[in-house]
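Below is one structure, written out as structure tokens; the observations come after it.
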Amino acid sequence: MKTQIREMLAQYASLPSAATLDDDADLYAAGMSSHGSVQLMLALEDTFDVEFPDNLLNRRSFSTITIIEQTVNQLVAGKEAA
Amino acid sequence: MDVALNAHGSTLLERARRVAGIAGQHADDVDRNARFPREAVDALISERLLSIQIPVTLGGEGATTAQIAEACTVISQACSASAMVFAMHHIKLSSLVSHGIDSPWHQSFMRRIVDEQLLIASATTEGGIGGNMRNSICAIEIDGDTCRLQKDATVISYGRHADAILITSRAHPDAVTTDQVMTVFTKDQYTLERTNEWDTLGMRGTCSEGYLFKGEAPKEQILPKPFAEIAAQSMLASSHLLWGGVWYGIAVNAMTRAQAFVRAAARKSPGQTPPGALHLAEASSLLQQVRANVTAGLARYEAALAEPELLSSMGFSVAMNNVKIAVSQTVPKIIDHAMQITGIMGYKNGTAFSLGRHLRDAQSAQLMISNDRILANTSNMLLVNKIETNLLG
Ligand SMILES: Cc1cc2nc3c(=O)[nH]c(=O)nc-3n(C[C@H](O)[C@H](O)[C@H](O)COP(=O)(O)OP(=O)(O)OC[C@H]3O[C@@H](n4cnc5c(N)ncnc54)[C@H](O)[C@@H]3O)c2cc1C
């Protein structure tokens, strides 16, 4: 999933450097704007058919590739359990 | 924490009222000559109101944002430019208190603010960037233990009168525009070369001139947190809420004048409803909306301070943005009603009902971080953040 997230970061969050970014690199420090992070969320929601609840809409949930993957996995698992 | 009384036994409110008394005597002169409200700031210093926000452990009084906002409202009813200086100073302190509390340099600087009642200014706005404060062009350069910064700071309120400036920049020369830090420079560590004057419609006493800033200081004066966090966790809320307190104060004073006008008319012809009475009723409903917005925002901030996750959530940002939009749009409407009520007496300068200064000062609210910019930011967040469906939160 990390590769997919990297592609989305490049395409929707205007982060062309995403391909070479470390899994734990701070995406905001790499140049992701709040506008970019929202575009990324929308793309993730569409691709993985999930919806981010409001309590996950904070800076931390989208701050690194690892955390994004964990968040999405958690939502996908929650959906399957339901 | 109890800040009800200071050493002289006065409440915070009493101290703010004494400042307002002095600020009011000079408000028209400050406005006419676009000069720094020296008398009001001296009064803030002698009432020791410049350090109330600093924690008790560092010698301050640990005042809450709500208490500071109340002082803003009190002073603004007398002179909104003086109140805005007070508000902007405390917005800077909120960043120091929230993000500098674990750093030895910033702790000792806060003690200095208490001891010397230093006045702190802000330089986020930059030539080529405007009010988009989450981006910087200029970059701080670190050379051994020293940091150096040059910034085309197009608006620094009371820049020439401040004892220190908190200034944003990129974190290093290779950083992207959003990778920012905020640094404290004290007066002896920078030069200001004036590039813009401040001959404006309103808020003339804030003396918000533009400068080419050049500073050099020990690198430990850089706040140890990314500016993105500082902006989200302390500046966003304290700016909108303290500005809100100032703008509410302008509206309150316009309404006080309008009500005095209506009551004078009512007393002259008992039994008849004076012509302005309906306007007054309509405006009082608007005034209540503004007050409800600011106080609800203050309560929400107070609650979020206990939960860092909440503080950096989108829902919180949307709520603070909405306070700013609503207050800045509504206050000019209230003053407009007051003008309809007082008629030529409100339109003229130098009467007990004059409203020109109020009208002009209040116009700045929508531009001070442009409402268009804030709405664009909120509309983006609303693509994912859900509308709140319950009444009580
Ligand atoms: C009384 C007063 C005191 C101030 N004091 C200080 C201070 O001490 N320190 C400091 O740093 N700054 C200060 N400022 C500046 C303030 O914080 C804003 O940065 C400034 O008012 C914005 O200036 P601007 O309208 O030229 O720029 P911009 O923000 O660039 O806006 C210009 C116009 O462009 C439009 N616009 C531009 N970009 C967008 C966008 N992305 N979305 C939608 N619309 C957009 C808007 O319609 C706006 O009206 C002060 C301002 C005032 C009024």
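For the range B:225-234, does any single residue satisfy the condition of being of a type in the set (S, T, N, Q), modelled with pLDDT under 95 and either surrounded by 15 or more Cβ atoms within 10 Å (Cβ to Cβ) or outside the structural domain of B:Ala16 (by TED's automatic domain parsing) (or both)? Within the range B:225-234, one or more residues are of a type in the set (S, T, N, Q), modelled with pLDDT under 95 and either surrounded by 15 or more Cβ atoms within 10 Å (Cβ to Cβ) or outside the structural domain of B:Ala16 (by TED's automatic domain parsing) (or both).
Mind checking whether some residue in the range A:35-58 is over 17 Å from B:Asn385 (Cβ atoms) and modelled with pLDDT under 90? Within the range A:35-58, none of the residues are over 17 Å from B:Asn385 (Cβ atoms) and modelled with pLDDT under 90.
One residue alone among B:Ile369, B:Ile325, B:Ile335, B:Ile374 is in a helix (DSSP H, G or I) and within 12 Å of the ligand (Cβ to nearest atom), and that residue is B:Ile374.
Is it fair to say B:Ser98 is part of a helix (DSSP H, G or I) and open to solvent by 20 Å² or more (accessible area, probe 1.4 Å)? Against the criterion (part of a helix (DSSP H, G or I) and open to solvent by 20 Å² or more (accessible area, probe 1.4 Å)), B:Ser98 qualifies.
Rundown of residues vs (1) more than 10 Å from chain B (Cβ to nearest Cβ); (2) of a type in the set (A, V, I, L, M, F, W, C); (3) open to solvent by less than 30 Å² (accessible area, probe 1.4 Å); (4) assigned to a helix (DSSP H, G or I), yes/no style:
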{"site": "A:Gln11", "(1), (2), (3), (4)": "yes, no, no, yes"}
{"site": "A:Ala19", "(1), (2), (3), (4)": "yes, yes, no, yes"}
{"site": "A:Asp22", "(1), (2), (3), (4)": "yes, no, no, no"}
{"site": "A:Ala30", "(1), (2), (3), (4)": "no, yes, yes, no"}
{"site": "A:Gly36", "(1), (2), (3), (4)": "no, no, yes, yes"}
{"site": "A:Met41", "(1), (2), (3), (4)": "no, yes, yes, yes"}
{"site": "A:Asp46", "(1), (2), (3), (4)": "yes, no, no, yes"}
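I'd like the residue in the range B:353-393 that is within 14 Å of chain A (Cβ to nearest Cβ) and in contact with a strand residue (DSSP E or B) (Cβ under 9 Å, 6 or more places away or on another chain) and, out of all such residues, is surrounded by the most Cβ atoms within 10 Å (Cβ to Cβ). Step by step, filter the range B:353-393, then rank; the result is B:Asn385.
Taken over the range B:42-75, residues that are assigned to a helix (DSSP H, G or I), in contact (Cβ under 8 Å) with a residue 40 or more places away in the chain and surrounded by 22 or more Cβ atoms within 10 Å (Cβ to Cβ) amount to 11. Of all residues in the range B:340-366, those that are part of a helix (DSSP H, G or I) and among the polar types (S, T, N, Q) total 5.
Checking each residue in the range B:309-336 for being away from chain A (no Cβ under 12 Å) and either in contact with a strand residue (DSSP E or B) (Cβ under 6 Å, 6 or more places away or on another chain) or without any contact (Cβ under 8 Å) to a residue 12 or more places away in the chain (or both) picks out no residue at all.
The values are calculated or read from the model by the stated rules, or taken from the named source; none is laboratory data. Here the structure is a predicted model, which means the values were calculated and not measured. We place every Cβ from the backbone using ideal geometry, glycine too, and count neighbours over all the protein chains shown. Accessible surface areas use protein heavy atoms only, side chains included; no ligands, DNA or RNA. Shrake-Rupley method; radii C 1.70, N 1.55, O 1.52, S 1.80 Å.
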